[in-house]
Amino acid sequence: MVRFFAFISIFLSLYGLLHFCAFAKMQKAFDMGKGGSVVLACFLVIMAFSPVIVRLAERAAPDALFRAIAFGVFVWMVFLFLFVSAALLIGLYRLIAMGAVNFFDGSMARWIPSARVVFFIALCASVLSTAYGYVQALTIGTEHVVIHTPKIPNTLERLRILQISDIRPGWIVGEKRLERILSKVQKAKPHLLVCRVIW
């Protein structure tokens, strides 16, 4: 129990730090005023505790509502990580460019992006990356590997082994996705099936 609470504390601290970074980037990019800042801060605080909300909703909310909440929470988690990472990288470039301007001359000032430009570049990059990752997650990838070995008996011309990796039954891997996976398995007609399931 102590380890569990320690893990939750560390996770929420790091996750909260990501939200604080996002808040700081938006504060620099836009003049939202006191009211806008309060609304944004409340939203980010709620999203920082969203994994806990998902855990509670898993037991209390209907299945359809839980799926909607969980989907939003985990997409947000990916998006936030990508956004903060992109913003920090672009912000690092901005600092280097500012240092170069001070060291050389002011002719390089046009290469320094504003805080708002940094925000929108990071936003576009994270949105596109999240969308690409979502599409890739829905795609069932297959890879064919041919292995030649003398260990297979001569009586057996070919041994076809099919391995399925990282299946996580639940709201992400639902019945329809499992049906698509099983359809590919049936088409492959393996002699041996190896499956790695993560519960």
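The values are calculated or read from the model by the stated rules, or taken from the named source; none is laboratory data. For clarity, every value in this text was computed on a predicted model and none was experimentally measured. Every residue, glycine among them, receives a Cβ derived from its backbone with ideal geometry; neighbour counts consider all protein chains shown.
Odds and ends about this structure:
- With respect to the conditions (1) free of Cβ contacts under 8 Å to residues at least 24 places away in the same chain; (2) surrounded by 13 or more Cβ atoms within 10 Å (Cβ to Cβ); (3) within 30 Å of Glu175 (Cα to Cα), Ala64 lacks only one, and its number is (2).
- Candidate set: region 126-145, residues that are of a type outside the set (Gly, Ala, Ser) and in a helix (DSSP H, G or I); chosen: the one modelled with the lowest pLDDT: Leu138
- Looking across region 21-34 at every residue that is in a helix (DSSP H, G or I) and touching a residue at least 24 places away in the same chain (Cβ under 8 Å), the one that is surrounded by the fewest Cβ atoms within 10 Å (Cβ to Cβ) is identified as Lys28.
- One residue from Ala24, Ala64, Ala86, Ala29 being within 30 Å of Gly133 (Cα to Cα), assigned by TED's automatic domain parsing to the domain that holds Ala122 and in contact with a Ser or Thr (Cβ under 7 Å, 6 or more places away or on another chain): Ala86
- Hits in region 9-59 - residues which are modelled with pLDDT of 85 or more, under 22 Å from the mean Cα position of the chain (by Cα) and among the basic types (Lys, Arg): Lys25
- Flag if Phe71 is within 30 Å of Val117 (Cα to Cα) and crowded, with 18+ Cβ neighbours inside 10 Å: no
- Residue within region 35-47 that is within 19 Å of Gly133 (Cβ to Cβ) and without any contact (Cβ under 8 Å) to a residue 40 or more places away in the chain present: yes
- Contacts under 7 angstrom Cβ, first residue in region 86-106 being within 26 Å of Ala22 (Cα to Cα) and assigned to a helix (DSSP H, G or I), partner at pLDDT 70 or above and hydroxyl-bearing (Ser, Thr, Tyr), 6 or more apart: Ala86/Ser126
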